[in-house]
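Below is one structure, written out as structure tokens; comments come after it.
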Amino acid sequence: MFSAIAEHRGFIVGLIFILLLIGLVAATIYGRRIIRNEKTDAVFGNPERALGGWYWVFAGVASILVIWFYFSWDAARSYFPDAANELCQVAKVDTAINPMRSIFPIDSRLLKGTSLLARDSAQLNQLDRDLARSGFTDAEKTEYGALVGQLRSALQSMASPDNVDPQVQKRIAEIAQRVDDVRAKLADPAHPGAASAAEIEKALAQPGWGESTTEVPTYPVTERGRKFAAVADEVAAIAKDFTRIRNTGAVFDARIKEIGDKIKQLQAGFDSSELEKKELQARETYVKQINKMYKRIDDGTVFPPNALDQVEASVRLFEAEAYRQQGSLRFIDAIAMPSGTIEAGNTSCSEQGSGRWLPKPSDTLATLVRISDPDIGYKGIPMLWYQQKPLAEMAGFFIPDWIADLVPGEYPRHQPDGSINENLKTKVLNVATGNFPSMSVPVPMGHIWDSILRVLAGLFFGILLGVPLGLFMGLSRFAKGFFDPLIELYRPVPPLAWAPLILTIFGIQDDGKIFLLFMVAFAIMVISARTGATGTQLSKIHAAHSLGATKRQIIKNVILPNSLPEILTGIRISIGVCWGTLVAAEMLAGTTGIGFVENVARKQSDYEIIWVTIILLGVLGLLFDLIMRWVINRTIPWRGKG
Amino acid sequence: MSELVADSIDMTFHTPAGEAVQALKDVSFSLKQGELLSVLGPSGCGKTTLLNLIAGFLRPTGGVLSLNNREIDGPGVERGMVFQQGALFEWLTVAQNVDFGLRMKKHNKKETAKKVEEWLEIVGLQGFGDTPTYQLSGGMQQRVALARCLINDPDLILMDEPLGALDALTREKMQSLVLKIWKETGKTIMIITHSVEEALLLGERLFVMAPRPGRLHKEYRLPFAEWGLEGDLRDIKNHPQFVQNREEILSMIWNMEEEIMGKTL
Ligand SMILES: Nc1ncnc2c1ncn2[C@@H]1O[C@H](COP(=O)(O)OP(=O)(O)OP(=O)(O)O)[C@@H](O)[C@H]1O
Ligand SMILES: [Mg+2]
């Protein structure tokens, strides 16, 4: 059944989304109507105005779901299943043209050449200033000073239109022409022609949007997509050629060569033996910087201010055309896929923005169903399942092994022929260690069970020891004074601050976590039981006394029931705090548990699993609380009525 | 024969602030088996303190209290107590409240159940055995408290304003109930009240106490309790002797209260 649902996921999500929207509007209208018709309690501040109103509950739930469907792009995927694939192709073009665009003041404020020139000039000025403390001799200082001057004038001459090599100018013009050509192809409805059988197969074979870890299918599946993909390849080639063009020219080429030679010559004539380490370092830094500036200028990335105008115009026109060609896709991107878009990397496309970190409800549900399958689970362990466990193992757990040591006699040694004769001692030991045949019973297991079990175990010991001590402290000056410092010593420390220590002492397995939770529950239980005991009405105790009750009977029959509301509230609080502490402790260490699952998913940036664990933790926490509320209502109906 | 004897009882409280409050000074009296005593006095004159001393919840700082020639040291089943607010165990049902004392003594279960039935009938609560006490009205709760105390068969019944929180009608019914029980069981009863009428009606003997320090001011012997066993309570209240006594005691207490107010103001 699940597979059928999964197959029609898109349709179901679309339907649910529409129904939610309609329901939201309907509930809102209904709610407004009722407000308008209600004249009887129109006084603001009357608490009765807050009673009832299931339609607002529905509206609230629907709002959350609509927002989730919308911002996770689940709705977009349902209504425009191909949009991500097409946007991926568009993104490919964007990525391809980006090296060219980044040269011009399109996204940035300055022409790339302008900012390069400004930076290089500033650094040359800095070199002038650094010369004084560079550790050179006076003669060298003059030489290097002259070198910086030469570098500066080479840089300046590159910015002059007169010095550009005609060959370079021609190549620039060629690039502009090629961009124009590819723009024409983009505008041409026939480009790139019919898809080949191989292409079609490749496109159809890839998993759909969100069906695999690749997220967005890479190969184009629509006509528009194919066009963008084809253009992207060509643009990438043009951009590559364009970035290879260097500004070379007879005038400054000669100068640059001269500078290079001089640097080599200066380095060769240098004798380091007489210098101190600090001076040597300053020198080396300076020479390194000079070399860096030399290489930069030799790269020829600075062009005259208007030399690239032709290319800039072509790129702008191309971008405008690409924008036009996207057509409806632009609106889908802007409206159906809010706060983010599809971006193309080197080999694949991915969702960026809320579509990425907010998993789609349908995917989340599918993930939950998938990892709920006991054969899959998470890291080889089911979320919640059962296993057959022999009763003997459990009996062995409870019977201490040293019982066998008490049996008279000696443990047998092996015989010369290699056999071992069992005696009474070995038989008792077998029973004590659970090593005897018995029937198996199903026992729950899995991440969820482990987490629940830890909380319940910690809580159990916390109640078992905390309640008696709390009652005792409420009744005895000695107990209050003696144990109060102990509890107040550790209780104010946030439980998680204890976690590293406790986990180191007790190990990362269950013992440590249970002890940590026990500490949490114990303090809360002691305090609540103490409050309960202290709050017992004196007249009730007097009454019990004059009815002939003994001290023990008074504790059991008067003080304990009278403290029950506080104790149960304490348990309710303990469960909540333990639940929170447990998850964090499981994140710190361990190999099972919901917190462990979430932590592994975090390391793998698996947002869906993270959300599944968040939702699971929320639902279980709510469940615990509801159970406790039910228990409280059932066991102490007299609360507040004494 | 059971007899309660108070021999020059002194009671001084020491507050946490270090002050000493003398609540009772030189209180002496004796109470014979089957007597019905009501205690009256202005607020703060030590009535509750006296009752708590007899119940054994407090120890006198001076003097001796004894019941049946045995000195009182601590609470005991032979001295049953009915509190102003009932002090019922609200987590138990009516029947569980009533048989509390017997259960603590591990009394035979069958017999206990039978006794509970009997007592619920006497106090007019038959059929309410399984009702949680918090669902009862104030008057019903007070009757449960009465049954809970009486089922233990105490020699002496102590009541601290048992009817104070009840409305006039319920109160009158409860007064008849107390008189009925007194007659039928022949118990010694000591009852504290704020109401002069109630004190006159429910007192074979009546103590008026004076405050600061608390002491016995005046004692009356009255016929009205005997009358109340047969006659209508309202008729008694209109009897000239009743009216005369009432006015006398009222003005006595009024004077005492005025004296205190004058002191404090
Ligand atoms: N635990 C205590 N510590 C200090 N002083 C106390 C304590 N209990 C009672 N007192 C004082 O003893 C005096 C008598 O108190 P008590 O409660 O016996 O008065 P009461 O006659 O019962 O008054 P009411 O009619 O208002 O109930 C009062 O002045 C009171 O302040
Ligand atoms: Mg009092």
- Given the structure, is A:V148 touching a residue at least 24 places away in the same chain (Cβ under 8 Å) and assigned to a helix (DSSP H, G or I)? yes
- Identify the single condition in (1) assigned to a helix (DSSP H, G or I); (2) touching a helix residue (DSSP H, G or I) at 6+ places or on another chain (Cβ under 7 Å) that A:Q126 does not satisfy, given that it satisfies every other one. (2)
- Note on the structure: Flagged pairs (Cβ under 7 angstrom, 6 or more apart or on separate chains; first in region B:101-127, away from chain A (no Cβ under 14 Å) and small (G, A, S); second part of a helix (DSSP H, G or I) and surrounded by 13 or more Cβ atoms within 10 Å (Cβ to Cβ)) are B:G124/B:R143
- Message: I'd like to check something: does region B:242-265 contain any residue that is open to solvent by 60 Å² or more (accessible area, probe 1.4 Å), among the β-branched types (V, I, T) and more than 20 Å from B:G34 (Cβ to Cβ)?
- Response: yes
- Yes or no: A:R119 of a type outside the set (A, V, I, L, M, F, W, C), open to solvent by 40 Å² or more (accessible area, probe 1.4 Å), in a helix (DSSP H, G or I) and not assigned by TED's automatic domain parsing to the domain that holds A:A307? no
- Item | Any pair with Cβ under 8 angstrom, 6 or more apart, that starts in region A:527-554 at a residue that is over 20 Å from B:L150 (Cα atoms) and outside the structural domain of A:G466 (by TED's automatic domain parsing) and ends at one that is of a type outside the set (D, E, K, R) and open to solvent by 50 Å² or more (accessible area, probe 1.4 Å) | none
- Item | Only one of A:I67, A:I35 that is under 33 Å from the mean Cα position of the chain (by Cα) and open to solvent by 60 Å² or more (accessible area, probe 1.4 Å) | A:I67
- Give the number of residues within region B:33-54 that are away from chain A (no Cβ under 14 Å) and either open to solvent by 10 Å² or more (accessible area, probe 1.4 Å) or within 13 Å of ligand 2 (Cβ to nearest atom) (or both). 13
- If you take the residues of region A:371-417 that are of a type in the set (F, W, Y) and out of contact with any Lys or Arg (no Cβ under 6 Å at 6 or more places or on another chain), which of them is farthest from A:I614 (Cα to Cα)? A:W402
- Message: Within region A:490-567, considering only helices (runs of 4 or more DSSP H) that don't extend past its boundaries, which have at least 2 residues that are within 14 Å of chain B (Cβ to nearest Cβ) and surrounded by fewer than 18 Cβ atoms within 10 Å (Cβ to Cβ)?
- Response: A:538-546, A:551-554
- Taking region B:67-89, which residues are touching a strand residue (DSSP E or B) at 6+ places or on another chain (Cβ under 9 Å), open to solvent by less than 20 Å² (accessible area, probe 1.4 Å) and either under 24 Å from B:H217 (Cβ atoms) or away from ligand 1 (no atom under 16 Å from the Cβ) (or both)? B:L67, B:I72, B:G76, B:R79, B:G80
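Which members of region B:9-22 meet the condition of being in contact with a strand residue (DSSP E or B) (Cβ under 9 Å, 6 or more places away or on another chain) and at pLDDT below 85?
Step one: list which residues in region B:9-22 are in contact with a strand residue (DSSP E or B) (Cβ under 9 Å, 6 or more places away or on another chain), which gives B:9-15, B:19-22.
Listed by number, the list is empty, since nothing qualifies.
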- Give region B:5-20 a look and list any residue that's surrounded by 15 or more Cβ atoms within 10 Å (Cβ to Cβ) and either assigned to a loop (DSSP other than H, G, I, E, B) or more than 14 Å from ligand 2 (Cβ to nearest atom) (or both), or say none. B:V5, B:A6, B:D7, B:I9, B:D10
- Item | In region B:5-46, residue nearest to ligand 1 (Cβ to nearest atom) [restricted to those that are in contact with a helix residue (DSSP H, G or I) (Cβ under 7 Å, 6 or more places away or on another chain) and of a type in the set (A, V, I, L, M, F, W, C)] | B:A23
- Task: Return a yes/no flag: does region B:55-62 have any residue that is among the aromatic types (F, W, Y) and either more than 18 Å from the chain's Cα centre (by Cα) or within 16 Å of ligand 2 (Cβ to nearest atom) (or both).
- Result: yes
- If you scan region B:198-215, which residues turn out to be away from ligand 1 (no atom under 16 Å from the Cβ) and either surrounded by fewer than 22 Cβ atoms within 10 Å (Cβ to Cβ) or assigned to a strand (DSSP E or B) (or both)? B:E204, B:R205
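Okay, residues lined up against (1) free of Cβ contacts under 8 Å to residues at least 40 places away in the same chain; (2) out of contact with any strand residue (DSSP E or B) (no Cβ under 9 Å at 6 or more places or on another chain):
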{"position": "A:Q289", "(1), (2)": "no, yes"}
{"position": "A:M293", "(1), (2)": "no, yes"}
{"position": "A:P338", "(1), (2)": "no, no"}
{"position": "A:N346", "(1), (2)": "yes, yes"}
{"position": "A:L365", "(1), (2)": "yes, yes"}
{"position": "A:G377", "(1), (2)": "no, no"}
{"position": "A:Q387", "(1), (2)": "no, no"}
- Task: Search region A:612-638 for residues being within 14 Å of chain B (Cβ to nearest Cβ) and touching a residue at least 40 places away in the same chain (Cβ under 8 Å), and hand back the single one that is most open to solvent (accessible area, probe 1.4 Å).
- Result: A:T635
- Could you please give the count of residues in region A:568-604 that are on the phi > 0 side of the Ramachandran plot and within 14 Å of chain B (Cβ to nearest Cβ)? 0
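Restricted to region B:121-163, and to residues that are in a strand (DSSP E or B) and away from ligand 2 (no atom under 16 Å from the Cβ), which residue is surrounded by the fewest Cβ atoms within 10 Å (Cβ to Cβ)?
Out of the qualifying residues, it is B:P132.
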- Task: Starting from region A:1-25, take each residue that is within 17 Å of A:Y79 (Cα to Cα) and list its partners that are outside any helix (DSSP H, G or I), counting only C-beta distances under 6 angstrom and pairs at least six apart or across chains.
- Result: A:G10/A:P81
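The values are calculated or read from the model by the stated rules, or taken from the named source; none is laboratory data. Since we're looking at a predicted model, the values are computed, not measured. Methodologically, a virtual Cβ is constructed for each residue, glycine included, from the backbone with ideal geometry; neighbour enumeration extends over all protein chains shown. The area values use the complete protein model at the heavy-atom level, side chains included, leaving out ligands, DNA and RNA. Shrake-Rupley method; radii C 1.70, N 1.55, O 1.52, S 1.80 Å.
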